[in-house]
Amino acid sequence: MIKKITTLVITIILALTVVMPSTSYASDIKGHQMVNELTHWANLGVILPDSKGNYNPNRAVTRGEFAAYITRALNLPASDKFQFSDLKVGDSLTFEIQAAAGSGILGGYPDGTFRPNEKITRQHMAAMLYKALRYLNVPLKAAPLTFNDNNKISKQFHEAVATSVYYNIIRGSHEKKGVFFNPQGSATIAHAAAFLYRMNVTAQQYGQDDTVSPEPPPVETNNNSYYVGTISDTTITKQPTVYVTYEQAEAAYEASKNVNLLFQGDKIIKMSSGIASAADVAANTVTIYGNKDFTNALTYVVEGSELKYFGSNDTYAIVQAGDTKGYAKISEITLTPTSLIKGRDYYYVLNGMLSHKLYDHIKQAYIGEYVVGEAPSFMAPGVHYYGTDGVHFYNTNGQLVGKHYQYFQFASLRQPTNYTAEELDYMINTILEERRTVAPRYANILTESRLLGLGAFLKTVEQEHHVNALFILATAVHESDYGISTNALQKNNIFGIRVFDANEEAGSTYATPNDSVLAFINQYVNKNYTPQSGGYAKGAVPGNKTTGMNVHYASDPFWGSKIAGHMYRLDNRFGRKDYKQGRLAMVLNDGSTVNARMEPSTSSPIAFTYKAKVIGESGAFGYPVAIVEEATGSDGYIWYKVYSDDNPPADFVWIRSDLVKPL
């Protein structure tokens with residue numbers, strides 16, 4: 001059976017409740033940092049006052065006093081099994097020391113003395129506490145020792161100190177240079193009270209009898225402290241050890257083979273394997289940076305989005321969105337260990353088409369799916385594939401299965417569509433008619449949709465502004481819910497312009513849908529996103545979170561592939577006039593710049609220069625271009641003629657072939 005501590009007759013609730021000191025003797029306890037622990041033991045007669053009624057909490061405690069405290073706290077039986085030559089016969093302190101010795105909680109020196117009046121060292125105190133825990137049938141688990149003065153702890157006390165650290169009985173001293181155990185230092189009466197109090201709580205939580213090993217109750221946590229723990233299957237076990245600094249906790253995490261989680265409070269901030277996701281934050285989006293100081297923003301994602309996890313600490317998590325690897329604030333990231341993953345984004349093949357099913361990691365639910373495009377030959381029906389960039393696809397074991405660029409996702413939006421204005425209007429009318437019976441909100445779509453009659457205007461915009469009309473239509477379909485979103489109906493805003501994640505009610509107002517189209521082209525596509533002079537120029541394609549408009553235009557990491565999916569489905573159904581009509585390639589320049597010239601020669605004037613950009617973790621994403629033809633220049637190089645990223649009147653430019661990688 002469990003050996004009883006005196007205070008175990010009091011419920012655990014009382015043991016953890018603030019006990020107000022008695023006014024008769026609390027003059028030097030009141031206001032002390034450890035007033036609760038001191039008062040608890042004073043009320044139970046474990047720590048006694050001096051002749052003046054004072055408890056002297058800041059005085060160093062002696063070996064004899066600490067032995068007596070343990071005897072009284074545990075109500076140890078009397079024993080004369082061990083005799084010490086320097087103890088007074090018949091003295092009450094002698095009986096208490098002998099009781100502790102008889103219970104196996106302490107021993108003397110080789111010369112037969114106990115030295116009761118010496119200040120007890122912290123490592124000797126840990127040894128007594130260790131033996132007291134053993135007496136109480138508490139499992140003697142050990143935490144890795146991470147103190148800055150580990151080398152000063154005598155080897156025979158390592159296990160005892162590690163057990164007290166594991167159960168958060170002795171925490172160490174937090175100093176400027178780190179956390180120190182100070183093994184040869186003395187402790188005060190207040191420290192003794194605190195250590196015994198924590199031992200008491202530990203015994204109540206973890207003490208076992210000989211046949212039962214109950215699951216320990218949840219560990220009380222402090223959100224400013226650090227803890228380590230384990231996950232086995234779906235069960236998380238958090239160790240009670242409190243680490244004052246992240247460095248301490250990380251050292252314990254790295255030192256123990258049995259530890260695979262690190263917490264700050266109850267939040268997992270480091271794990272051995274799993275996935276990351278954008279947490280529920282006020283801005284509704286999480287930014288990924290190129291540096292640990294969070295000053296170089298690379299891209300951003302909407303909350304709930306899945307991210308690939310590489311590692312983390314108490315400040316940042318290293319994650320990947322699309323093919324972009326960077327740093328996110330750990331406060332804005334949720335880490336989910338592998339065995340706790342309830343759902344994930346995944347791809348699958350159906351009827352020769354590649355579909356993408358999406359999971360929201362905040363709602364912990366699947367939130368929809370869409371057809372991306374034609375399925376690559378290396379994918380099989382009935383199999384789930386995973387990937388963050390829409391190009392690299394992995395199996396459930398994380399092995400790369402294949403690489404495939406969806407055509408419309410990486411086709412230059414400078415290349416015009418082959419559909420006429422009349423054909424675009426036919427597309428619009430047909431899809432709106434079909435949408436009418438899908439859901440009640442579409443009941444009046446044939447009269448209310450702001451997409452009606454846009455065909456001719458889209459072709460005019462395409463000719464004058466060099467932006468593919470099918471891309472504009474697909475974007476409007478996606479952003480305006482087929483032209484019947486609130487912003488579309490009330491503001492003629494069919495592109496969600498200035499509708500932010502943190503405020504979906506906002507949005508610019510336009511006199512007509514045509515004005516919304518012009519705003520999308522002139523204020524966004526041709527101003528900041530397509531020409532190299534633009535602040536967000538990452539490539540003239542829908543793209544992903546590494547290349548194209550999707551990098552900065554939308555927080556949805558799959559905005560580009562969704563737009564491409566609309567383009568594919570429209571084209572596949574209404575004539576297949578655009579699919580693979582261009583030869584796709586990438587201008588790869590992660591360090592130096594690349595010049596686009598007016599003619600196929602290095603002596604030709606420079607039309608514009610491709611700026612260096614992040615080309616992704618795989619190195620596969622530069623500036624997408626569409627090759628029209630190739631020629632041998634006067635300088636002997638092969639040159640590619642491509643659609644110009646620049647605004648009109650430029651139509652085409654030439655790039656040296658060794659600077660371009662065909663897809």
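The values are calculated or read from the model by the stated rules, or taken from the named source; none is laboratory data. Being a predicted model, the structure only gives us computed values, none of them experimental. Cβ coordinates were reconstructed from backbone atoms using ideal geometry, including for glycine residues, and neighbour counts include every protein chain displayed. The accessibility values were calculated without ligands, DNA or RNA, using every heavy atom of the protein model including side chains. Shrake-Rupley method; radii C 1.70, N 1.55, O 1.52, S 1.80 Å.
Condition check for PRO531 on (1) surrounded by 21 or more Cβ atoms within 10 Å (Cβ to Cβ); (2) at pLDDT 95 or above: one failure, at (1).
Listed by position, the strands (runs of 3 or more DSSP E) contained in the range 216-303 that have at least 3 residues being under 23 Å from VAL319 (Cβ atoms) and open to solvent by less than 50 Å² (accessible area, probe 1.4 Å) are 226-232, 261-264, 267-271, 274-278, 285-289, 297-302. Based on what the data block shows, is TYR359 among the aromatic types (Phe, Trp, Tyr), farther than 30 Å from PRO662 by Cβ, open to solvent by 10 Å² or more (accessible area, probe 1.4 Å) and over 32 Å from the mean Cα position of the chain (by Cα)? Judged against the criteria, TYR359 is not a match. Checking the range 598-605 against the condition returns a match, with at least one residue being at pLDDT 95 or above, under 23 Å from GLN415 (Cα atoms), assigned to a loop (DSSP other than H, G, I, E, B) and of a type in the set (A, V, I, L, M, F, W, C). Restricting the range 607-636 to residues that are among the hydroxyl-bearing types (Ser, Thr, Tyr) and assigned to a loop (DSSP other than H, G, I, E, B), which is farthest from ARG583 (Cα to Cα)? Going through the qualifying residues, I end up with SER634. Taken as a whole, the condition of being farther than 22 Å from TYR524 by Cα, in contact with a strand residue (DSSP E or B) (Cβ under 9 Å, 6 or more places away or on another chain), loosely packed, with under 14 Cβ neighbours inside 10 Å and acidic (Asp, Glu) applies to ASP658. Might you let me know whether the range 574-596 holds any residue that is of a type outside the set (A, V, I, L, M), in a strand (DSSP E or B) and either modelled with pLDDT under 95 or surrounded by fewer than 23 Cβ atoms within 10 Å (Cβ to Cβ) (or both)? The answer is yes, given that some residue of the range 574-596 is of a type outside the set (A, V, I, L, M), in a strand (DSSP E or B) and either modelled with pLDDT under 95 or surrounded by fewer than 23 Cβ atoms within 10 Å (Cβ to Cβ) (or both). Taken over the range 36-52, the criterion of being touching a residue at least 60 places away in the same chain (Cβ under 8 Å) and part of a loop (DSSP other than H, G, I, E, B) is satisfied by VAL46, ILE47. Please go through the range 319-350 and pick out each residue that is under 25 Å from THR237 (Cβ atoms), of a type in the set (A, V, I, L, M, F, W, C) and surrounded by fewer than 20 Cβ atoms within 10 Å (Cβ to Cβ). Residues satisfying the conditions are LEU340, ILE341. Considering (1) under 27 Å from GLN463 (Cβ atoms); (2) more than 26 Å from the chain's Cα centre (by Cα); (3) not aromatic (Phe, Trp, Tyr), the lone condition that GLY507 does not fulfil carries the number (1). The single condition among (1) within 16 Å of GLY582 (Cβ to Cβ); (2) at pLDDT 95 or above that TRP639 does not meet is (1).
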